[in-house]
Amino acid sequence: MADGSASVMDYKEHEKTYKNFINFSKVGILAALTFVLVIAMIGFGGTAGTVWASITTIATVIAVGVGMASGDRSHIVPGIVFLLACVVTAVLTI
């Protein structure tokens, strides 16, 4: 029964939560795609692929931390690591 005692929604907090969710989603998707490339490096790159996969994994973990702390530009650093991983994977597998 509506008695008028329901609390009012805090739209400012709602917008902040939504913004953080979107930033986390961008960073998470880029990290997942980078880890797919790491698997390709290990599978097709031989010893050099394993070394580059280790370096890329460490760089991805650091990039995710930096990305989550960056606010609106959260996708920049993980995106750069992803693009570098794309280049390294292409070089190792061709």
message: So residue 25 passes all but one of these: (1) open to solvent by 90 Å² or more (accessible area, probe 1.4 Å); (2) farther than 17 Å from residue 86 by Cβ; (3) under 21 Å from the mean Cα position of the chain (by Cα); (4) of a type outside the set (A, V, I, L, M). Which condition number does it fail?
response: (1)
task: For segment 75-94, name all the residues that are farther than 15 Å from residue 32 by Cα and not β-branched (Val, Ile, Thr).
output: 90, 92
Flag if residue 48 is under 16 Å from the mean Cα position of the chain (by Cα), of a type outside the set (Val, Ile, Thr) and within 30 Å of residue 87 (Cβ to Cβ): no
- prompt: Could you say whether any residue in segment 42-55 is open to solvent by 30 Å² or more (accessible area, probe 1.4 Å), within 25 Å of residue 21 (Cα to Cα) and of a type outside the set (S, T, N, Q)?
  reply: no
Near pairs, Cβ below 9 angstrom, 6+ apart or cross-chain, from segment 11-23 (touching a residue at least 24 places away in the same chain (Cβ under 8 Å)) to any residue that is part of a helix (DSSP H, G or I) and among the aliphatic types (A, V, I, L, M): 23/68
field: Flag if residue 54 is at pLDDT below 90 and among the small types (Gly, Ala, Ser)
entry: no
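The values are calculated or read from the model by the stated rules, or taken from the named source; none is laboratory data. Fair warning: this is a prediction, and the values are worked out from it, not measured in the lab. Every residue, glycine as well, gets a Cβ built from its backbone with ideal geometry; the counts of neighbours run over all protein chains shown. The area values use the complete protein model at the heavy-atom level, side chains included, leaving out ligands, DNA and RNA. Shrake-Rupley method; radii C 1.70, N 1.55, O 1.52, S 1.80 Å.
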